[in-house]
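See structure below.
Just so it is clear, none of the values below were taken in a lab; they were calculated from the coordinates. Just so we're clear, the structure is a prediction, and the values are computed from it rather than from any experiment. Using ideal geometry, Cβ is built from the backbone for each residue, glycine included, and neighbour counts are taken over all protein chains shown.
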Amino acid sequence: LSGFTVAIDGPAASGKGTISKAVARHFGFAHLDTGLLYRAVGAKVLDGQAAQAAAEALVPGDLEDDRLRSPEVAQAASRVAAVPEVRAALVDFQRSFATRAGGAVLDGRDIGTVICPDAQVKLFVTAHADVRARRRFDELLGKGIETTFEEVLADVQARDARDMGRADAPLKPAKDAVQIDTSEMEIAVAVEAAVSLIKAKM
Ligand code: C5P
């Protein structure tokens, strides 16, 4: 299964991360949450570094920073993600991950469109913004992060607008992506659907 790539894109809190992890575990594929790359660059910019230099100097250890899940870092990530030089600096790492031995799942915003246009399977996972905000709100509460539903909804909507509106690699489904709307779907059902789609392409 060398070079077998599953590309999973979609907006924040659509369920793509959970689906990606479950699918990777099911097939024994490696998994890369590419949002972490942008979050790591965003965190460095909040620390005062220049975005392009931070992206070019990124090392795998940077992805383990505990702060990466915070809403502040998420916003910083979506700002640096609009900078073409930042995106360009992260391409090679993602592509070599995608073609590693044993298969790979990458999730993000532009995997099926830009990073891995030849991926064997492309999924685009969506859900209504209020459903996604509710999920993210519950997740943040679970981590003890203090916030309100309204704040989380505004955060999700601001990131959606920025991610879909940017000129370079905007968030959109690849022409050959299969769309999965998780608004009213148990995540386990979405995982099963993804597993069947992948099996059909193996
Ligand atoms: O997926 P996650 O919410 O962790 O991503 C954080 C931000 O990183 C997104 O809002 C988006 O702006 C950016 N991103 C991107 N391309 C990717 C993955 C994430 O632009 N492939």
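How far apart, in nanometres, would the label points at A193 and D92 be if each is projected 7 angstrom from Cα along the Cα-to-Cβ direction?
According to this spin-label approximation, the distance is 3.8 nm.
Over the chain, what is the mean sequence separation of C-alpha contacts under 8 Å (at least six apart), divided by residue count, expressed as relative contact order in percent?
After rounding, I find 34 percent.
In nm, to one decimal, how far is the modelled label at E139 from the one at D66, with both set 7 Å along Cα→Cβ?
1.9
What does the charge count around P170 come to, taking other residues whose C-beta lies under 13 Å from its C-beta (Lys +1, Arg +1, Asp -1, Glu -1)?
Here the count lands on +1.
Output the direction-averaged projected area (hull surface divided by four) of the convex hull of the alpha-carbon atoms of the chain, in nm².
10.5
Only counting other Cβ atoms within 10 Å, I'd like L197, L36 sorted with the fewest neighbours first.
By the 10 Å Cβ count, ascending: L197, L36.
Search the structure for amide H atoms under 5 Å from the amide H of V178, placed 1.01 Å from N in the peptide plane, and list their residues when 5 or more places away or on another chain.
K122, L123, F124
So if a site counts as exposed when it's one of the trypsin sites (Lys or Arg not before Pro), its DSSP state isn't H, G, I, E or B, and it has at most 13 other Cβ atoms within 10 Å, what's the longest stretch of the chain without one?
Working: sites that count: K143, K175, K201.
Within the chain, the longest run free of exposed trypsin sites (Lys or Arg not before Pro) spans 1-142.
Net charge near V23: determine it from the other residues with C-beta under 11 Å of the C-beta of V23, scoring Lys and Arg +1 and Asp and Glu -1.
Surrounding charge for V23 is +2.
Could you work out the relative contact order of region 22-139? I mean the mean sequence separation of Cα pairs under 8 Å and 6+ apart, divided by the number of residues, in percent.
32
How much length, in nm to one decimal, is gained on full extension between V178 and D118, taken as 0.36 nm per residue of separation minus their Cα-Cα distance? Before the final figure, lay out each step's value.
Working: separation 60, 0.36 × 60 = 21.60 nm, distance 1.42 nm.
Extra length from V178 to D118 when fully extended: 20.2 nm.
So which of K172/K201; K44/K175; K143/K201; K44/K199; K143/K199; K143/K175 end up more than 29 Å apart, counting from Cα to Cα?
Numbers: K172/K201 22 Å; K44/K175 34 Å; K143/K201 37 Å; K44/K199 39 Å; K143/K199 35 Å; K143/K175 37 Å.
From the list (K172/K201; K44/K175; K143/K201; K44/K199; K143/K199; K143/K175), the Cα-Cα distance tops 29 Å for K44/K175; K143/K201; K44/K199; K143/K199; K143/K175.
Which of these, T113, T148, T126, has the largest mean-square fluctuation under a Gaussian network model of the chain (Cα springs below 10 Å)?
T148
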